[in-house]
1. Give the Rg (one decimal place) followed by the Dmax (whole number) of segment 16-173, computed from C-alpha coordinates and expressed in Å.
2. Starting with the fewest neighbours, write out Arg483, Arg264 ranked by other beta-carbon atoms found within 10 Å of each beta-carbon.
3. What fraction, in whole percent, of alpha-carbon pairs in segment 1-77 exceed 15 Å separation?
4. Which of Tyr99, Tyr123 comes first, and how do the rest follow, when ranked by fewest Cβ neighbours within 10 Å?
5. Could you please rank Phe510, Phe110, Phe439, placing first whichever residue has the fewest other Cβ atoms within 10 Å of its Cβ?
6. Compute the semi-axes of the equivalent ellipsoid of segment 211-270, taking the square root of 5 times each eigenvalue of the Cα gyration tensor, and list them largest first in whole Å.
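Where a number appears in this text, it was derived from the coordinates with a stated rule and is not lab data. All values derive from a computational prediction rather than experimental measurement. Cβ: placed from backbone, ideal geometry, glycine included. Neighbour counts: every protein chain shown.
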Amino acid sequence: MSVHIPSSVLAAGWIPFVVVIVAILVFSIVYILYYTNRREREWSSAISAIVSLSITLMTIALIPVDVFLVSFMKNGNGTFKDWAQDNDTRISLENSVLYGYYTMYGMITFCMFILLPFMYFFYEEREEEATCKSRCCGALKYSIVFFILMFVLLLVGALLHTKQVDNPGNKTQSDIDRLMSLFDMESNWVERSLSLALSVLSLIGMLAVIFYTSYGMASLPIGLIKGHRNVRKERLGVQDRRANTRDRMQAIRNKYLGGKRVSRRDASRLAELEESEVLMERQDRHLEARDTCCQRLFLVLRPFAVMFGILLILVATTVFLSLLLTNIDKTLANGLGPKSGYALKKPTLPNVVDIVLVFCQQVFPLDYIVFGLLALYLVFSSMTGIRDLGIWFFCLRMYKMRPRRTPPQGILMMCFILMLTLLGINILLYELTPQYTSFGNQHYWTTAAGTNTSSLVRCSYDSTDNRMKDECVATRMSMLLTRIFYNMWFFGAAYYWSTWLFLLCILIGFLVAICRKSRSAIDGEVDADDIVDSDDEELLSG
């Protein structure tokens, strides 16, 4: 049977996605080059970071396309449109999105296990007499560990058998059985391989979301409201401290004018004061460069920054409450427990974010815009958290994120952390908007038991109606995650409990952001561990 999908459907679904792809590429280029150190820039590392970041962002951008295509199959009265009456047509359209997910996730796996580690060690092997061949051999020697890890995860995933449904006769198990009947739990080896690798990466990504995104959601709006310190006042304070330091240095020198030998204690103290004086001299130069007419004009925009900060606090509060209510809903009778990844049968508590997105889907492409803004907010919050907290490995701070001064290794590590965070955001968006990301605005007709009365109801995972399997089309994203939650329920349960920890860290993040002082006007530009010469060159080039 021939499959015919109207070109208008494909255009409405994929043209916005192409536009978003172009915007993502531009954004990734600007973001990576903005933080890359100009003197140490290596284009192979920069291009690898841009490509990796773009691919991960495209995965998030594919979600509203997935939702639109399954929702556009149905009319407002709950019936399928003429072109979607044929099941083969629906399957063909769904598979186009499914293959898109496969492609994106496969490329993400390649970038995180092969490309980024190789480029990181490739830069580390840079020496004056090193050739490209020797650098490649050195990089391969170290990055082979990541390749072996990827191979093991993919192999274990491919050999992982689908869990068989058993029915011990209890109600919860019966609900799980009906839920799983909506999907074909038998997945191919490609999907099983990618599922395990991405489940592990997404779980690590949820930890990054807890650490970076939660703090960024607080730091971003509070930082806009507090603003930076006044340049002139800060410069006067630096000059006063610098004069005081010079007086203390002179007092120590005066003790030894007669040629007396300087004591070890005074010599050490004098060296510390000299280093401090050099640092304050550099701070004074940078503050002087910032004290311009253009900088003073930014003061006019302060009210708008405060208003935008208040708006972001309202958004953060809405996201927090929506996620909290969804988690409470899962904890109560509507959740199916850990064996199904705490899948939500049917939302009963009001989730503002989910309700707004489902409502906006009635006006194309309003839901795409709202979802994009929500995803962009979480992405920028993550970037703010990474910028403020830096790149950490356990308790060791490896790199600071500073505009135009981050080394290539730091850029690659930042990209790796950000990709993990975006994978965690994928899970978070599904937890935050379960109805929208699963069925969109789909409805179907059902008949109440024992009556002839039909009613139009919204599609959900409350699968007590046998007609729902044929009348509702789930998104490919929800299908993939449901299979993961069922076949590898540990990850679904871990994601669920991670969201509780994420909510707790948001509250802690707001307390920390409120208690912190306002940021310096040259925050991140001058630090004690900087090299003076490079600092001066950066100041002159700016």
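1. Values for segment 16-173 (Cα only, Rg and Dmax): 22.3, 72 Å.
2. Details: Arg483 20, Arg264 8.
Placing the least packed residue first, the sequence is Arg264, Arg483.
3. 65 percent
4. Details: Tyr99 11, Tyr123 19.
Taking fewest neighbouring Cβ atoms as first place, the list is Tyr99, Tyr123.
5. So the residues, fewest neighbours to most, are Phe110, Phe510, Phe439.
6. Working: eigenvalues 376, 60, 4 Å².
In descending order the semi-axes read 43, 17, 4 Å.
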